[in-house]
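**Student:** One structure coming up, written as structure tokens, with questions to follow.
The values are calculated or read from the model by the stated rules, or taken from the named source; none is laboratory data. What you are looking at is a predicted structure, and each value in this text was computed from that prediction instead of being measured. As a convention, Cβ positions derive from the backbone with ideal geometry for all residues, glycine included, and neighbour counts pool all protein chains shown. Heads up: the accessible areas ignore ligands, DNA and RNA and are worked out on the full protein's heavy atoms, side chains in. Shrake-Rupley method; radii C 1.70, N 1.55, O 1.52, S 1.80 Å.
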Amino acid sequence: MIRRIASSALLLIALAPALCLSQDKCFDAGGVRLRYVERGAGEPVVLVHGFTNTAEIWANSGILQDLSRNYRVIAFDARGHGKSDKPHEPARYGREMPLDIVRLLDHLEIPRAHIVGYSLGGHITSQLLTLHPERFLSATLIAGSGRFTWTPADAEEAEADAREREKDCINPSLMFRLAPPNAPRPSADSLKVLSKNCFADTTQDRFAYAALTRARADQLIAPAAVAAVTVPTLGIVGTDDPMKAGMDALVRIRPSVKLVVIEGATHAGPRGILARPELIAALRSFLAEHRMR
């Protein structure tokens, strides 16, 4: 029963009620309106959320509040998410997502910043480091290392995920892949409830999510480009997260990446990595080590 509850909680993380943040702001990112929030003062730290999340995930986990005691923290809703615009064309995602972060920095007139990405946000950040490394003091990749390979099987999986999302609003196949090893699958009734809740949530646009999913191939990063990155990089992942394999691959490509593995942490859910105290401790130490000189 405990394992079933944990599995259900993993599925619910993307649909949990958002904690409203004050002082929403918006800017134009190449014709797409993006919402962002700021808190604190000091060196800038940009937070990049995961797939189907919003900026609120950083507040819900306490990371935004903790970092804002010493830093100027900027969190935003990526295109296709939350209160930002939600294009339905795959071409509006892919590489445009990391470039949105540069557009945000330009809008705020910030020459260089620290950047922290979780899950999809980690993939976006990893690609961004190969495109505009000059804009970053440091990078932290949490449970998302970047996409270094793309095969026909990957393309088939992306299309299947997109169709599932369009049909049901949720993507159980992706959730199962991110679940801890040997975690039981939720019942069909539980999935129906999740789907119903997703359809009722006006911030969840299944066609935008599907478009983003179909753009996965445009997130591909050449291993040679990854190896050439010199931005100080921290990787954080849990032992019980399937994304650990990708983080291990990143370290093989670029051995300079500092890797922190948190025992028992999962991708999301009750043992999710964002809520672990080891994460904020490692992140704070790394940011302090790479302050602007």
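**Student:** Highest mean first, what order results for 190-198, 58-66 on Cβ atoms within 10 Å?
**Tutor:** So the order, starting with the most tightly packed, is 58-66, 190-198.
**Student:** While we're here: I'm checking a number: the convex hull volume of the Cα atoms of segment 138-222, normalised per residue, in Å³. What is it?
**Tutor:** Cα convex hull per residue, to the nearest whole number: 131 Å³.
**Student:** Same structure again: About the Cα centre of segment 32-144, how large is the charge dipole given +1 on each Lys and Arg Cβ and -1 on each Asp and Glu Cβ? Please answer in debye to the nearest 20.
**Tutor:** Here segment 32-144 has a charge dipole of around 100 debye.
**Student:** Which one, VAL257, ASN197, LEU105, projects farthest toward the positive side of the charge dipole computed for the chain from Cβ point charges (K/R +1, D/E -1)?
**Tutor:** Selected residue: VAL257.
**Student:** Using only the Cα atoms of segment 236-293, build the gyration tensor, take square roots of its eigenvalues as a ≥ b ≥ c, and label the shape rounded, prolate or oblate: rounded if a/c is under 1.5, else prolate if a/b is larger than b/c, else oblate.
**Tutor:** Here segment 236-293 falls in the oblate category.
**Student:** Here's something else I'd like to know. Starting at the first residue of segment 195-209, write each ³J(HN,Hα) from the Karplus equation 6.51 cos²θ - 1.76 cosθ + 1.60 with θ = phi - 60°, in whole Hz, x for Gly and Pro.
**Tutor:** 4, 4, 5, 5, 4, 7, 8, 5, 7, 9, 10, 5, 6, 5, 4
**Student:** Quick check for me: using +1 on Lys/Arg Cβ and -1 on Asp/Glu Cβ, what's the dipole size of the chain about its Cα centre, in debye to the nearest 20?
**Tutor:** The calculation lands at about 360 debye.
**Student:** Roughly what angle does helix 2-12 make with the longest principal axis of the chain, taking Cα atoms, 0 to 90 degrees, to the nearest 10?
**Tutor:** Value to nearest ten degrees: 70.
**Student:** Can you give the net charge of the other residues whose Cβ lies under 14 Å from the Cβ of GLU289, counting K and R as +1 and D and E as -1?
**Tutor:** Result for the neighbourhood of GLU289: +3.
**Student:** What size of dipole, in debye to the nearest 20, comes out for segment 121-280 about its Cα centre when the only charges are +1 on Lys and Arg C-beta atoms and -1 on Asp and Glu C-beta atoms?
**Tutor:** So the dipole magnitude of segment 121-280 works out to roughly 160 debye.
**Student:** Picking from GLY246, GLY50, GLY238, which is most flexible by a Gaussian network model of the chain using Cα springs under 10 Å?
**Tutor:** Looking only at GLY246, GLY50, GLY238, the biggest GNM fluctuation is shown by GLY246.
**Student:** Where the centroid of each part is defined by its Cα atoms, how far is segment 113-174 from segment 196-219 in Å?
**Tutor:** Taking the Cα centre of each part, segment 113-174 and segment 196-219 sit 14 Å apart.
**Student:** Next question, about the same structure. For the chain, what value does the Rg/Rh ratio take when both radii are computed over Cα atoms and Rh is the Kirkwood radius, given to two decimals?
**Tutor:** 0.93
**Student:** Further question: What list of ³J(HN,Hα) values in whole Hz, one per residue of segment 277-292 in order, does the Karplus curve 6.51 cos²θ - 1.76 cosθ + 1.60 (θ = phi - 60°) give from phi, with Gly and Pro shown as x?
**Tutor:** After applying 6.51 cos²θ - 1.76 cosθ + 1.60, I find x, 4, 5, 5, 5, 5, 5, 4, 4, 5, 4, 4, 5, 10, 5, 4 Hz.
**Student:** Also: In terms of the Cα gyration tensor, with a ≥ b ≥ c the square roots of its eigenvalues, is segment 17-143 rounded because a/c is under 1.5, prolate because a/b exceeds b/c, or oblate?
**Tutor:** rounded
**Student:** Using a Gaussian network model of the chain whose springs link C-alpha atoms within less than 10 Å, name the residue from SER138, SER126, SER68 with the highest mean-square fluctuation.
**Tutor:** In this elastic network of the chain, the residue with the biggest mean-square fluctuation among SER138, SER126, SER68 is SER68.
**Student:** Jot down the radius of gyration and Dmax of segment 58-119, Cα atoms only, both in angstrom.
**Tutor:** 13.1, 39
**Student:** Of GLU109, GLU157, GLU89, which is the most mobile in a GNM of the chain whose springs link Cα atoms less than 10 angstrom apart?
**Tutor:** GLU109
**Student:** Could you work out the percent of alpha carbon pairs in segment 61-214 separated by over 29 Å, rounded to a whole number?
**Tutor:** I get 25 percent for the Cα pairs in segment 61-214 exceeding 29 Å.
**Student:** Shifting gears a bit: Convex hull volume of the Cα atoms in segment 160-280, per residue, in Å³?
**Tutor:** 141 Å³
**Student:** Which whole-number value in Å² is the accessible area per residue of the chain, probe 1.4 Å?
**Tutor:** 42 Å²
**Student:** Using amide H atoms built 1.01 Å from N in the peptide plane, name the residues 5+ places from VAL257, or on other chains, whose amide H lies under 5 Å from its own.
**Tutor:** none
**Student:** A follow-up question, please. Ignoring ligands, DNA and RNA, please state the percent of accessible area on segment 48-195 from carbon and sulfur, probe 1.4 Å.
**Tutor:** 51 percent
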